[in-house]
């Protein structure tokens with residue numbers, strides 16, 4: 001329990017000072033008043049956490065989403081067992097990484113000054129709008145432990161979904177970059193050496209070898225220009241992505257890219273269903289939940305569709321109608337939401353839709369990796385085979401032909 005140092009006066013004007021434990025500063029003032037003392041000054045004493053010094057430099061990074069995921073679960077268990085919030089926060093801080101400990105300590109200090117947990121969280125960017133919404137509802141309903149469980153589960157599902165998507169995209173990107181690297185190495189290093197060797201032999205180059213050498217010469221001669229063009233395109237795309245109209249168009253186009261577009265739509269649908277269902281289940285109003293989801297969706301086109309749906313709902317429309325008209329999410333989602341609106345179980349339907357689309361996303365990732373693997377192997381093998389064919393053709397021509405005059 002936190003320890004406070006106080007200075008107070010009794011009815012005769014005599015000064016009293018000392019230390020006393022209390023959950024909050026207000027509780028200490030009430031206790032002193034019950035003893036006939038008027039509080040003049042109260043100061044929180046810093047508590048020793050007893051935490052060991054970590055030699056791992058990564059432990060000193062600022063608090064991250066994974067820290068919140070586990071800490072929320074711990075807080076929920078302690079609150080459910082009857083422990084006071086301040087004591088639970090102190091224990092959480094004690095067993096957190098040094099970089100994350102500061103956040104929990106600051107939350108405890110702000111709560112001791114009379115703020116609620118959701119209000120204290122607003123001063124830290126690491127806590128999302130959805131987390132604060134869940135905590136705020138939990139504070140009002142007296143179910144803060146359940147709200148923290150929902151927040152922890154949401155962070156876990158979001159982490160798993162993000163890792164699946166990164167895994168799906170990282171493999172093809174790595175293979176493509178590897179193929180580009182091999183191609184550049186062959187055209188810039190290997191082919192010029194082949195040209196020198198054949199030139200020494202004094203033989204006429206076969207057409208396939210000549211074409212390869214001409215390509216290599218062109219790339220070597222224009223390499224600075226090619227690099228400048230690629231850099232310009234990259235910077236231009238980055239700047240355009242910061243411009244709202246261009247980002248909306250690009251995010252919308254991403255949903256229709258062959259093979260990858262389905263992954264983005266499945267991911268956005270799963271995130272929307274999981275987040276909205278979690279907030280509705282905890283008691284957040286639909287309008288507030290939709291506004292929170294606008295900030296959680298990374299795809300700005302999907303966020304715009306949710307914003308339009310929120311405006312329509314505020315005007316008296318159902319949620320399923322504007323979502324169905326937008327066509328941005330997977331088609332089954334608005335239809336099932338309509339079923340939930342009829343039965344009064346929208347939160348349950350959304351939870352089921354989240355599980356369904358998360359399963360579809362996992363299958364789609366495995367299927368895409370299964371397709372990309374053989375395709376990239378064939379492409380890289382064909383590229384290397386073409387270079388070897390050009391090399392061997394030149395060798396045979398040099399060995400069996402006559403010197404070129």
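Tabulated data
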| quantity | calculated |
| --- | --- |
| Residue check, residue 21 at pLDDT below 75 and on the phi < 0 side of the Ramachandran plot | no |
| Whichever residue in segment 326-347 is assigned to a helix (DSSP H, G or I) and in contact (Cβ under 8 Å) with a residue 60 or more places away in the chain and, among such residues, is nearest to residue 278 (Cα to Cα) | 347 |
| Qualifying positions in segment 92-102 - crowded, with 19+ Cβ neighbours inside 10 Å, touching a residue at least 24 places away in the same chain (Cβ under 8 Å) and within 24 Å of residue 27 (Cβ to Cβ) | 93 |
| Of the criteria (1) surrounded by 19 or more Cβ atoms within 10 Å (Cβ to Cβ); (2) at positive phi, which one residue 112 fails | (2) |
| Subset tally (residues that are in a loop (DSSP other than H, G, I, E, B) and over 24 Å from the mean Cα position of the chain (by Cα)) for segment 85-120 | 5 |
| Test: residue in segment 121-129 that is at pLDDT 85 or above, assigned to a helix (DSSP H, G or I) and closer than 21 Å to residue 276 by Cβ | yes |
| Count - residues of segment 139-181 that are modelled with pLDDT under 80, surrounded by 15 or more Cβ atoms within 10 Å (Cβ to Cβ) and more than 24 Å from the chain's Cα centre (by Cα) | 1 |
| Of all residues making up segment 239-262, the number that are surrounded by 13 or more Cβ atoms within 10 Å (Cβ to Cβ) and under 18 Å from residue 305 (Cβ atoms) | 11 |
| Residue pairs meeting the criteria (Cβ under 7 Å; at least 6 apart or on separate chains; first crowded, with 18+ Cβ neighbours inside 10 Å, in segment 387-405; second modelled with pLDDT under 65 and outside any loop (DSSP other than H, G, I, E, B)) | 398/201 |
| Top-ranked residue of segment 373-382 - restricted to ones that are at pLDDT 75 or above and surrounded by fewer than 14 Cβ atoms within 10 Å (Cβ to Cβ), ranked as farthest from residue 171 (Cα to Cα) | 382 |
| Residues of segment 24-54 classified as on the phi > 0 side of the Ramachandran plot and modelled with pLDDT of 75 or more, total | 1 |
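The values are calculated or read from the model by the stated rules, or taken from the named source; none is laboratory data. Keep in mind the model is a prediction, meaning the values are calculated, not measured. Positions of Cβ are backbone-derived with ideal geometry, glycine not excepted, and every protein chain shown enters the neighbour counts.
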